[in-house]
1. Can you tell me the relative contact order of the chain? Whole percent, Cα pairs under 8 Å, sequence separation 6 or more.
2. Please name which of F58, T105, H3 has its Cα lying farthest along the dipole of the chain towards the positive end, using unit charges on Cβ (Lys, Arg +1; Asp, Glu -1) and the Cα centre as origin.
3. Once you list every other residue whose beta carbon is under 13 Å from the beta carbon of V76, what net charge do they have if Lys and Arg are +1 and Asp and Glu are -1?
4. Return the aspartates and glutamates within reach of K233: Cα separation strictly under 12 angstrom, same-chain partners fewer than 8 residues apart disregarded; answer none if there are no such residues.
5. How big is the shadow of the Cα convex hull of segment 82-238, averaged over all directions, in nm²?
6. Taking every alpha carbon pair in segment 4-79, what does the distance histogram look like in 5 angstrom bins from 0, in percent?
7. State whether segment 105-183 is rounded, prolate or oblate according to the following rule on the C-alpha gyration tensor (a ≥ b ≥ c being the square roots of its eigenvalues): a/c under 1.5 gives rounded; otherwise a/b larger than b/c gives prolate, and the remaining case gives oblate.
8. Charges at C-beta only: +1 for Lys and Arg, -1 for Asp and Glu. How large is the resulting dipole of segment 46-135 about its Cα centre, in Debye rounded to 20?
Amino acid sequence: MEHDAKGLGIVIRTENARESDRISTIFSPSLGIIKAICYGARKSAKSIRAPLYTEGTFSLEKSIRSGRWSIRDIDVIATHDYLSADLERNMAASLFSDLVITSRTADPGMYRLYTEALDLLEDTDAESVAIAFIVHFLSAEGLSGDYLSCPVCLRPYREDEVLGFSSVEGVPVCSECDNMGSSLILPPNARRFVRRTLELDIEEAVQLSVSAMQRHRIFRYFLRLLRISFPGKLRSIESGIWDFGKEMQ
Ligand SMILES: [Zn+2]
């Protein structure tokens, strides 16, 4: 068993631990998702701090006695300070963290998606970034179809078709395969927008032209979808800061 590790990573969640310690969850494309302790982080100015969304090269050490990782050093690349200044951006970033932690997907593709989304949050509308991240995340996890044909019955969607949702498969489906009584629907224009988002890299996808109202509806659609797909698992959604009115219907 290795007792030292070094690798690129980013702090995607922080929690207070006993006494003055903090636990940082680090997402690393080479090391995976690791919880590491920063001893005395809440007290001593000299101790290593790993604030939320710090990206860098992490040097970690594993205690032989407790088997727990701690952070020995960080060569910081970016701090993403702007995320703490704005509630909406902050919530979007914590939703991305929730999704990565829940899926346990820590491959380089997911790392690129996550860090690009955080970078975009600096100067791009948070809902646009969230939609692009969620669409690409669901696709990478095999939790969406291609928005061209129904992933259950494989029938191509009609131009004017309103998609429903299958709670069994956890994916948007055609109207016949819908088992939610049309309570989670994706109208044709929204579907075309989501399909286009999936075809583009997220930097390009956030530039797609869409009205603020349409964007907001699509954003709310995905929040409700995630809540059904990951019941009780996404802290940012369960915290209740976003409300889930039925405005889309
Ligand atoms: Zn179908």
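Each reported figure results from applying straightforward, stated rules to the coordinates on display, with no laboratory input. Since we're looking at a predicted model, the values are computed, not measured. We place every Cβ from the backbone using ideal geometry, glycine too, and count neighbours over all the protein chains shown.
1. Relative contact order of the chain: 13 percent.
2. Sorting the options by dipole projection puts first H3.
3. Net local charge, V76 excluded: -3.
4. D98
5. 8.9 nm²
6. The percentages, shortest bin first, are 4, 19, 30, 28, 15, 4, 0.
7. Prolate shape, in that a/c is at least 1.5 and a/b is the bigger ratio.
8. It comes to approximately 840 debye.
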